[in-house]
1. Determine, yes or no, whether D171 is touching a Pro at 6+ places or on another chain (Cβ under 6 Å) and either in contact (Cβ under 8 Å) with a residue 60 or more places away in the chain or closer than 17 Å to M248 by Cβ (or both).
2. Taking A255, is it touching a Ser or Thr at 6+ places or on another chain (Cβ under 8 Å) and either buried (at least 21 other Cβ atoms within 10 Å of the Cβ) or not hydroxyl-bearing (S, T, Y) (or both)?
3. Within segment 82-107, take every residue that is among the acidic types (D, E) and in contact with a helix residue (DSSP H, G or I) (Cβ under 9 Å, 6 or more places away or on another chain) and give me the one that is surrounded by the fewest Cβ atoms within 10 Å (Cβ to Cβ).
4. Considering only residues that are surrounded by fewer than 24 Cβ atoms within 10 Å (Cβ to Cβ) and either of a type outside the set (D, E, K, R) or within 16 Å of the ligand (Cβ to nearest atom) (or both), which ones fall in segment 181-203?
5. I'm checking my understanding of the structure. Among residues of segment 129-180 that are near the ligand (Cβ under 9 Å from one of its atoms) and more than 15 Å from the chain's Cα centre (by Cα), which one is nearest to V98 (Cα to Cα)?
6. Name the residue, out of L72, L110, that is under 20 Å from G142 (Cα atoms), at pLDDT 95 or above, buried (at least 19 other Cβ atoms within 10 Å of the Cβ) and more than 16 Å from the chain's Cα centre (by Cα).
7. Going through segment 24-57 one residue at a time, which ones are surrounded by fewer than 24 Cβ atoms within 10 Å (Cβ to Cβ), assigned to a helix (DSSP H, G or I), in contact (Cβ under 8 Å) with a residue 24 or more places away in the chain and of a type in the set (G, A, S)?
Amino acid sequence: MAKPMIVCHGGAGHTAKDQPGVDAAADAGWAILSAGGSALDAVLAAVEIMEDDPVLNAGTGGRKRADGSVQLDAAVATSDGRLGSIMAIEDTPNPIHVAAGLLDQPFHILVGQGARDWADAQGYPNAKVEGSDSPSGNDTVGCVAIDEKGSMAVATSTGGCTGRPRGRVGDTPLWGPGLWIDEGIALAATGIGEEITIKMLCHRVAIQTGTLQQRLEYGLSLFDPTIEVGLIGITVNGEGQGLANTKMPWAIRSANQ
Ligand code: GLY
């Protein structure tokens, strides 16, 4: 039996004032894991809470595009090789659940109005997302978890970067840069999406050897320190942590923490 654990983050560049929403997310995910629930259910519950928190850049708090619209990206993946990803969807308060709906479909990535049309057909809530007028926002929320069976999951969600064009997609829903999972490690990134995408961050961290701390440090070393970047990770060996080159609220829950 594996040791269940969950790690959540509230976005690179966010400060301690945003810690309560991250703690609430970790607590909700941990309640599921400690009751014998799945890593997938835990990361979805945790990210839903962060999407509902107006101070975090995801779901309800999604930052506005240059034209004032709120377009959201989200992804979820599991250590048994499933992926669901939604990009630039509108009118969707909890895009993480639409992404999860793609895990067992013959297609894994949907974009824009096509994503919303599919969500409508499946009955996912369609409601205007007011979004946040915060002038800053390059960040994301994310969560990784392992359950008692040793299955892992990762989930990410964002409103993108404040003021970017409509249709722009950052790293958050991208398999490789923004999230990665295999049988040994689950990773989620946060920060400036263009930089993280160019570096193929999460995949490059995953293929490093060493401790989780060493692998996360390697990932951050790829960036100029002026570029805000953060990572969270969990390994099948029982390691779990967050690390950033800037402030980043994060939380870990396990039987020992
Ligand atoms: N990391 C979030 C974004 O760049 O969209």
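1. Answer is yes for this residue.
2. Yes.
3. D91
4. Of everything in segment 181-203, those that are surrounded by fewer than 24 Cβ atoms within 10 Å (Cβ to Cβ) and either of a type outside the set (D, E, K, R) or within 16 Å of the ligand (Cβ to nearest atom) (or both) turn out to be G184, I192, E194, E195, T197, I198, K199, M200, H203.
5. R168
6. L110
7. A24, S34
The values are calculated or read from the model by the stated rules, or taken from the named source; none is laboratory data. Worth saying up front: this structure is predicted, and the values here are computed from it rather than measured. Positions of Cβ are backbone-derived with ideal geometry, glycine not excepted, and every protein chain shown enters the neighbour counts.
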